[in-house]
1. For residues that are more than 14 Å from the ligand (Cβ to nearest atom), farther than 15 Å from ILE395 by Cβ and assigned to a loop (DSSP other than H, G, I, E, B), tally how many sit in the range 37-51.
2. If you check ALA175, ALA201, which single one turns out to be crowded, with 24+ Cβ neighbours inside 10 Å, touching a residue at least 12 places away in the same chain (Cβ under 8 Å) and farther than 27 Å from TRP403 by Cβ?
3. What are the pairs, 6+ residues apart or on separate chains, where a residue within the range 10-36 that is under 18 Å from ALA399 (Cβ atoms) has its Cβ under 6 Å from a residue that is of a type in the set (A, V, I, L, M, F, W, C) and within 12 Å of the ligand (Cβ to nearest atom)?
4. Condition (residue is within 16 Å of the ligand (Cβ to nearest atom), touching a strand residue (DSSP E or B) at 6+ places or on another chain (Cβ under 8 Å) and at pLDDT 95 or above) applied to the range 327-350: is it met by at least one residue?
5. Quick test of your reading of the structure: ASN377 fulfils all but one of (1) farther than 28 Å from ASP185 by Cα; (2) more than 16 Å from the ligand (Cβ to nearest atom). Name the failing condition by number.
6. Please note which helices (runs of 4 or more DSSP H) are completely contained in the range 311-430 and include at least 1 residues that are closer than 30 Å to ILE2 by Cα and under 21 Å from the mean Cα position of the chain (by Cα).
7. Conditions first: (1) within 16 Å of the ligand (Cβ to nearest atom); (2) surrounded by 16 or more Cβ atoms within 10 Å (Cβ to Cβ); (3) closer than 18 Å to THR118 by Cβ. PHE238 passes all but one, so which condition is the exception?
8. Given the structure, is SER167 polar (S, T, N, Q), over 28 Å from ARG281 (Cα atoms) and in a helix (DSSP H, G or I)?
Amino acid sequence: MIYQRSSALFKAAQNVIPGGVNSPVRAFKAVGGDPIFVKQAKGAYLYDEDGNKLIDYINSWGPMILGHAHESVVNAVVEKAKKGTSFGMPTEIETQIAELAVSMVPNIDKIRFVNSGTEACMSAVRLARGYTGKDKIIKFAGCYHGHSDSFLIQAGSGAVTFGSPNSPGVTKGTAQDTLLAKYNDLANVESIITSNTNEIACIIIEPVAGNMGCIPPVKGFLEGLRALCDTHNILLIFDEVMTGFRLAKGGAQELLGVNADIVTFGKVIGGGLPVGAFAAREEIMNHLAPLGPVYQAGTLSGNPLAMAAGLAMLTELNDNPEIFKSIANKTEYLHKGIADVLNKYNVVHTINRLGSMISVHFAEESVVDFDTAAIGNNDTFKKFFHGLLNNGIYIAPSAFETWFITEALTYDDLDTTIAAVEKVASTINL
Ligand code: HOZ
């Protein structure tokens, strides 16, 4: 495939935007080469600036559950835009989407809308600290909860891709309030709690990790965290930015049968527009201003265009719950197809999958936490990535990211993808 125009656009972008991108992973540094500039997208496909059509497995890093430019979402945004794009005043649609979200997620009474997953997680932690009167938090190595200071301690996703899981600029004071635990290791969490008695406000976790590839929780892990939190008066925060409204109507909480105290959302809840949200039972949410002392605010929070897109998306998912099973089935089909091909060509690999989230790791061992995710062979991943790209398949340009399956993907698209994997495995020495 030819990427002359994308490369020219990237060159121009680098003069005025650091690294030419507004979010680091997009720069392709982990896989080499220049990033592809997208011109438009529809359904399961991206159309780039060089005229190539690509089957998309990133889907804006998750939210495009129905595929790109879904009619109901686009129409809702267009109609809303005609009536004004931002007021900084309450609008009825905020209550409508809040009512729908609360009805879909079993254990939340109230929800506050913000502009991104980063804001949602940052605010959720502040709320947990304000509610419990304690300062420290536990996060897991390789989990990514956005780029707010407290979370850039052994963060996953772009932070680890660029070798800065602990970012300069985060003060020692902030860092010492973030305690780092090992994903899927309950004994490790317990020992951290024991060494910090009565100091921990919350445990924040991606209930299915999606920022060190896809890593599902092992049996009993989330249940164990729930029990530890109950025993030690710690709030459990599920970061459902990727899993919320994707794994089930009620997200990972519903699918895995474990309830958190505070849940954060992003991307999906805005139908792909810049929206985040955090939610909890009433007693916790009432600690937020203007009812309570925990402050959080924003002019663009509850923005009408974002709310319209989110409401359209959630309505589709609420009215058509068979979508969750359908995308999980497609993911299982893809998993089997790719595994068969990689086994046929003796390519060492591990595939992780839960629901409609999947990732391919070029490692022999089970990938259950950050350490095992980091063992994967990145040279093989680079060849795999570029091989697929040359065959019209776009996966995330980092081994530490997850692939997201959408309802717009057809079984023909999946077969095309599996055939592309076979072409790559048979012609490139992976
Ligand atoms: N690492 C981010 C998702 N896990 C990337 C976001 C982006 O570049 O848009």
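1. Summing the residues that are more than 14 Å from the ligand (Cβ to nearest atom), farther than 15 Å from ILE395 by Cβ and assigned to a loop (DSSP other than H, G, I, E, B) in the range 37-51 gives 3.
2. Being crowded, with 24+ Cβ neighbours inside 10 Å, touching a residue at least 12 places away in the same chain (Cβ under 8 Å) and farther than 27 Å from TRP403 by Cβ holds for just one of ALA175, ALA201, which is ALA201.
3. Short answer, once both residue conditions are applied: PRO24/PHE162; ALA27/VAL21; PRO35/ALA27; PRO35/PHE28.
4. No, there is no match, as no residue in the range 327-350 is within 16 Å of the ligand (Cβ to nearest atom), touching a strand residue (DSSP E or B) at 6+ places or on another chain (Cβ under 8 Å) and at pLDDT 95 or above.
5. Single failed check for ASN377: (1).
6. Here the list reads 322-344, 378-390.
7. Just one mismatch for PHE238, condition (1).
8. Numbers: polar (S, T, N, Q): yes; over 28 Å from ARG281 (Cα atoms): yes; in a helix (DSSP H, G or I): no.
It is false that SER167 is polar (S, T, N, Q), over 28 Å from ARG281 (Cα atoms) and in a helix (DSSP H, G or I).
The values are calculated or read from the model by the stated rules, or taken from the named source; none is laboratory data. Only a predicted model underlies this, so the values are computations on that prediction, with no experimental measurement involved. So basically every Cβ, Gly included, is an ideal-geometry build from the backbone, and we count neighbours across all protein chains shown.
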